[in-house]
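Report on the following structure.
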There are 2 protein chains.
Amino acid sequence: MNSEYKKLEEQFRDINLLGQASAILGWDANTYMPEGASENRGEQLALLSKISHQKLVQSDIGSLLERATPENDWQKANLRCMKHQYSHTTCLPEKLATELTLASNTCEVKWRKCRAENDFKGILPELKKVVDLTMEMAEIKSSKLGLSKYDSLLDMYDPGRRSADVEKVFSVLENFLPTFINEVIASQPTHHPIEQNFPIDTQKALGKHFMGLLGFDFNKGRLDESTHPFCGGTPDDVRITTRYREDDFFSSLLGTLHETGHSLYESNLPKSWRYQCVGEAMGMSTHESQSLFVEKQIGLSNEFIGFLHPKIKEFFGVEINPQTLRANLQQVKKSFIRVDADEVTYPLHVILRYRIEKALIEGEIQVEDLPEVWNSYMQKYLQITPNSDTEGCLQDIHWYGGMIGYFPTYTLGALTAAQLMAKLKQEMPDVSQKIARGELKPIIAWMTNKIHKHGSFFLADDLLKNATGEFLNPQYFIDHVKNRYLAKNK
Amino acid sequence: MNSEYKKLEEQFRDINLLGQASAILGWDANTYMPEGASENRGEQLALLSKISHQKLVQSDIGSLLERATPENDWQKANLRCMKHQYSHTTCLPEKLATELTLASNTCEVKWRKCRAENDFKGILPELKKVVDLTMEMAEIKSSKLGLSKYDSLLDMYDPGRRSADVEKVFSVLENFLPTFINEVIASQPTHHPIEQNFPIDTQKALGKHFMGLLGFDFNKGRLDESTHPFCGGTPDDVRITTRYREDDFFSSLLGTLHETGHSLYESNLPKSWRYQCVGEAMGMSTHESQSLFVEKQIGLSNEFIGFLHPKIKEFFGVEINPQTLRANLQQVKKSFIRVDADEVTYPLHVILRYRIEKALIEGEIQVEDLPEVWNSYMQKYLQITPNSDTEGCLQDIHWYGGMIGYFPTYTLGALTAAQLMAKLKQEMPDVSQKIARGELKPIIAWMTNKIHKHGSFFLADDLLKNATGEFLNPQYFIDHVKNRYLAKNK
């Protein structure tokens, strides 16, 4: 190992460990921390972030990255990942980075109030500032990284992903879904809501039971509660959360499955590359593919619902009609709120946001236009109009918190998950029977082999090609929803 | 504020915040962290400690400390505290510091096994190494700090404390206690053990009820469980723990009161000096005085026991004879294990350890002699002989974990607490009635005014003189135990 490369590994190890410490402190802030400690915690996290940033920009990393000569493919990939992190961080003037952080924090805090009060005008000045600074950032990154402005943002969340590829798959979905959704809704059985009390302790127990079946290692991870479910912590200490409502077991169940999917990716990352960039997960679309694979591909399948049915009886002592259970879990519905959307309408919520944020960054629309543009896309895609901006362009935290370029990864993840499931069915012909019996570990082992263990060795699309023989192809998702949601197949 | 001093404040602020981050991560490691994550957590903590150490030794702090000119008494005291931390850290060669850390870790891990197996011989090589390295450290510190070897260790845990002062008070106790203990035991009522089940949830509720009466702010702190109770976290996010046994309510209650005492010191430290050395607690003897003040001076008083009696009935629905309750809580007993000892015999357990560790460091006895010397002191002080080293010189983690010079602070804390209570009784004549009514907040407010709010402005003994008009005087403790434990006063 040459000494430049070795030195880089040492420096990035520290940066990685600082990120891990922050991740645990962040988990605590969202679970057990008393409310009055938030300012104090903010000071600690700001310092760790400052030290990490200093380690990256003030050391000799730049010249080491130039001179390092990796000795094998993993070192080479590690160097690629280091360069990615380095260039995204150092290409920005510190002043701009600080301004953007401050503006995003201010905007996010005010957004909570404005969303509650349906006051888009109220948040306009702050949102404008965030968008202006993000455009400035995109311009600089664009010229330094040789990417389009929007791609330079997308590349932060999903390294190597380009909007040309996104466009290709999104335009297919955009053509297919609106008509398909109407077909599904016309043909699906009437929906009988399940009105039942599910004691929270039992929800927890059943959630943990499924986590166990999926191979979650409670010796190296935990399940807790938080207002917004998330997967945090570190690969050897993975912390997932969910939230519970006594009248709704399915939201905690699906939330738990979703975060467990994320957690299995983390804990099965390559052990010999712990604390190195290449040992980390490969971007947000791949991460989301893992959560959606467990939640949607497995969790909403007829087989899993068949397996779930007697478990509900066993744990809650409640008999639910199997058709009712399936109709509830697989219901397709035109609705306003993305996070509550089913998997069929969900991509349209995402494509709408993608189209809008891209147009914003490219200067084709103005922040003031958001409500109007939003509502016209909602009409076009779902033929519904929000009753308020709270149900429209005010609903998501992302833009207000400075995350522009993130939205596409949700749907890219859903497509990736469908493509992986199609491949799994080829390679493991009895996968449906396995799911029906709750034998989930061999499925996760397959996924570890295909995805988890590779860390960031490949870029997302190469990783998928390596796993399935094909780059991202939306047809698998289309086949999946046709198969699951069209009445004739049910 | 001159620029050197200002720069020092900035540097030490970072060091303080790194310590805070480690404190929260350490709390997590002892409460919620899954066991399999301990190696991972060790890496994170080692890095934070390394960065903190580097900030102290590699920067220009040394020359800034020379040149800084504080502008008021608080800045002057802050500079004194900075110098203390700096000189204790930088006077050691890094190699020795690392060796000592490694040797202590190794020894501590093996000690757990050897204690369980009563195998003092087994741990001898590791303990010898720890003691040898500690002696080397003491020699270096001694010459650089101008202190005796033992004092240079004591000064790490209780800045400014010297063994000459310790000797003075310990020799008084050493003369007084052995005879006094025999008198108390001969005259105390027969002990009827309380055999009762105390549901743990109710223990928690009652513990929190008392914390509330003492003014613990649950918006800036938490109570959790851990194997060994402790007070951790930060002044604005103080985390205390206790442990529960269904057949023993009093150990969780007294543990909770003890840690609450520590926590009130932390949370009432001067707000305007947060993140600065002078804003931190003043050494371990003062810290222990605060926990023992709440646990022993308040918690074991006749008045508090009288207040506790109906609470037990109210919370557990159990009627305990008031005499039995008091006899249980105030029982004096010769026993082998320090952590289980009552407040009357406790100082002898400490003095024994102080005499032994001092002789070890001064080369007057050898590590091999420990069991024999230990047992001869036990005979001398308490006229009992341990059945095994597990009940003798293997019982405490301190020496095996590299903490030599710490033990005196427990008893110095107990004496300080007694002296503070004597002063409180002068200044607040109805303090007994207040305790009997559970009106504890005015008492804590008095203590905040006397101790908490001063942070490290004074050295421990000056702080006590400022609070009570007198330096540490063991007579207050002697009067206290005479008054509480001699039958004629009961």
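What does the charge count around A:LEU47 come to, taking other residues whose C-beta lies under 12 Å from its C-beta (Lys +1, Arg +1, Asp -1, Glu -1)?
Working: positive: A:ARG41, A:LYS50, B:ARG13, B:LYS55; negative: A:GLU43, B:GLU10, B:ASP14.
Summing Lys and Arg as +1 and Asp and Glu as -1 gives +1.
Report which residues of segment A:19-39 become buried by 30 Å² or more of accessible surface when going from the isolated chain to the complete set of protein chains (1.4 Å probe; DNA, RNA and ligands ignored).
Buried-area filter returns A:ALA21, A:ILE24, A:LEU25, A:ASP28, A:TYR32, A:PRO34, A:GLY36.
For chain A, which cysteines have no second Cys with its Cβ under 4.7 Å from theirs?
A:CYS91, A:CYS107, A:CYS114, A:CYS231, A:CYS393
Any idea how far the Cα center of segment A:375-393 sits from the one of segment B:37-74, in Å?
54
Counting heavy atoms of the protein chains only and a 1.4 Å probe, report the per residue accessible area for the protein assembly as shown as a whole number of Å². Please list the in-between numbers first.
Values: 39490 Å² over 980 residues.
Each residue of the protein assembly as shown exposes 40 Å² on average to a 1.4 Å probe.
For Cα pairs less than 8 Å apart in space and 6+ apart in sequence, what is the mean separation divided by the residue count of chain B, i.e. the relative contact order in percent? Before the final figure, lay out each step's value.
Numbers: 663 pairs, mean separation 101.8, N = 490.
Once normalised by length, the contact order is 21 percent.
Residues of segment B:194-219 losing 10 Å² or more of accessible surface, assembly versus chain alone, probe 1.4 Å, please list them.
SASA drop of 10 Å² or more in segment B:194-219: B:ASN219.
Using a label point 7 Å beyond Cα on the Cα-Cβ vector, give me the inter-copy distances for A:ALA445 in nanometres, one decimal, shortest first.
Result, one decimal in nm: 6.7.
Calculate what fraction, in whole %, of the accessible area of chain B sits on carbon and sulfur atoms when a 1.4 Å probe is rolled over the protein chains. It would help to have the intermediate numbers written out before the result.
Working: 9780 of 19740 Å².
Carbon and sulfur together cover 50 percent of it.
Need the per-residue list for segment A:226-253: every residue with at least 40 Å² less accessible surface in the complex of protein chains than in the chain by itself, probe 1.4 Å, sorted by number.
Listed by number, the residues meeting the 40 Å² cut-off are A:ASP237.
Across chain B, where is the longest run that never hits chymotrypsin sites (Phe, Trp or Tyr not before Pro) in a DSSP loop with at most 15 other C-beta atoms within 10 Å? Can you show the working numbers first?
Details: sites that count: B:PHE218, B:PHE471.
Free of exposed loop sites, the longest segment is B:219-470.
If each label sits 7 angstrom from Cα along the C-beta direction, how far apart, in nm, is A:ARG13 from its counterparts in the other copies?
3.2
Just subtract the alpha-carbon distance of A:MET428 and A:PHE218 from 0.36 nm times their residue separation and send over the number in nm, one decimal. Don't jump to the answer; show the numbers that get you there.
Numbers: separation 210, 0.36 × 210 = 75.60 nm, distance 2.74 nm.
So the chain would gain 72.9 nm between A:MET428 and A:PHE218.
Could you grab the relative contact order for segment B:342-490? Cα pairs under 8 Å, six or more apart, rounded to a whole percent. Please report the intermediate quantities before stating the final value.
Details: 88 pairs, mean separation 31.5, N = 149.
Result for segment B:342-490 is 21 percent.
Can you give me the relative contact order of segment B:408-473 as a percent, contacts being Cα pairs under 8 Å and 6 or more apart? Mind showing how you got there, number by number?
On the way: 29 pairs, mean separation 25.9, N = 66.
In percent, rounded to a whole number, it is 39.
Can you give the Kirkwood hydrodynamic radius of the protein assembly as shown from its Cα pairs, in Å with one decimal?
Values: mean 1/r = 0.0313 Å⁻¹.
Mean inverse Cα-Cα distance, inverted, gives 32.0 Å.
Any chance you could check the Cα centroid distance between segment A:432-490 and segment B:306-372 for me, in angstrom?
62
Using helices alone, I'd like the mean residue ellipticity at 222 nm for chain B: each DSSP H run of four-plus residues gives -39500 (n - 2.57), total over residue count, nearest 500. Write down the numbers at each step before the final one.
On the way: 20 runs with 310 residues, N = 490.
Roughly -21000 deg cm²/dmol at 222 nm, from the helical runs in chain B.
Just to confirm my numbers, what's the Cα centroid distance between segment A:89-131 and segment B:213-229 in Å?
36
Can you flag which of B:LYS168/B:LYS423; B:LYS50/B:LYS83; A:LYS208/B:LYS204; B:LYS83/B:LYS141; B:LYS271/B:LYS296; A:LYS7/A:LYS55 are past 23 Å Cα-Cα? The partial results should precede the final answer.
Numbers: B:LYS168/B:LYS423 21 Å; B:LYS50/B:LYS83 19 Å; A:LYS208/B:LYS204 26 Å; B:LYS83/B:LYS141 14 Å; B:LYS271/B:LYS296 28 Å; A:LYS7/A:LYS55 12 Å.
In this structure, A:LYS208/B:LYS204; B:LYS271/B:LYS296 exceed 23 Å between Cα atoms.
Once both labels are modelled 7 Å past Cα along the beta-carbon direction, what's the A:ALA436-B:GLU195 spacing in nm?
Result for the modelled spin labels: 5.9 nm.
Just to confirm a number: summing +1 for Lys and Arg and -1 for Asp and Glu over residues other than A:GLY469 whose beta-carbon lies under 13 angstrom from that of A:GLY469, what do you get? Kindly include the intermediate steps, with their values, before the conclusion.
Working: positive: A:LYS423, A:LYS450, A:LYS465; negative: A:GLU427, A:ASP461, A:ASP462, A:GLU470.
Residues close to A:GLY469 contribute a combined charge of -1.
Which value, in square angstrom to the nearest 100, describes the accessible area buried between chains A and B on both sides, using a 1.4 angstrom probe?
Its buried surface, counting both partners, is about 2800 Å².
Take the alpha-carbon positions of chain A, form their convex hull, and give its projected area averaged over all directions (one quarter of the hull surface) in nm². Intermediate results must be reported in sequence, preceding the final value.
Values: hull surface 89.9 nm².
If you wrap the Cα atoms of chain A in a convex hull and average its projections, you get 22.5 nm².
Along Cα-to-Cβ, 7 Å out, sits the label point; list in nm, shortest first, how far the one on B:GLN323 is from those in the other copies.
Going from nearest to farthest copy, the values are 7.6 nm.
As a test of the definition: which semi-axes, in Å, follow for segment A:1-123 when you take the square root of five times each eigenvalue of its alpha carbon gyration tensor? Largest first, please. Provide the component values of the computation, followed by the final result.
Numbers: eigenvalues 254, 64, 32 Å².
Result for segment A:1-123: semi-axes of 36, 18, 13 Å.
Near A:SER163, within a Cβ-to-Cβ distance under 12 Å, what is the net charge of the other residues, with Lys and Arg +1 and Asp and Glu -1? Present the calculation step by step, with values, prior to reporting the outcome.
Numbers: positive: A:LYS149, A:ARG161, A:ARG162, A:LYS168, A:ARG355, A:LYS358; negative: A:ASP151, A:ASP155, A:ASP158, A:ASP165, A:GLU167, A:GLU357, A:GLU362.
The answer is -1.
Could you give me D for segment A:140-240, from Stokes-Einstein at 25 °C and 0.890 mPa s, where the hydrodynamic radius is the Kirkwood radius over C-alpha pairs? Units µm² s⁻¹, please.
Values: Rh = 18.9 Å.
Answer from the Stokes-Einstein relation: 130 µm²/s.
GluC sites (Glu not before Pro), restricted to segment B:295-373: which are DSSP loop and have at most 15 other Cβ atoms within 10 Å?
Values: sites: B:GLU295, B:GLU303, B:GLU314, B:GLU319, B:GLU343, B:GLU357, B:GLU362, B:GLU364, B:GLU368, B:GLU372; in loops: B:GLU319, B:GLU343, B:GLU362, B:GLU364.
For GluC sites (Glu not before Pro) across segment B:295-373 that sit outside H, G, I, E and B with at most 15 neighbouring Cβ atoms in 10 Å, the list reads B:GLU319, B:GLU362, B:GLU364.
The values are calculated or read from the model by the stated rules, or taken from the named source; none is laboratory data. Computed from a prediction, not measured in an experiment: that's the story for all the values here. A quick note on method: Cβ atoms are made from the backbone with ideal geometry, for glycine too, and the neighbour counts reach across all protein chains shown. When the accessible area is computed, the model is the full protein with side chains, heavy atoms only, and any ligands, DNA or RNA have been set aside. Shrake-Rupley method; radii C 1.70, N 1.55, O 1.52, S 1.80 Å.
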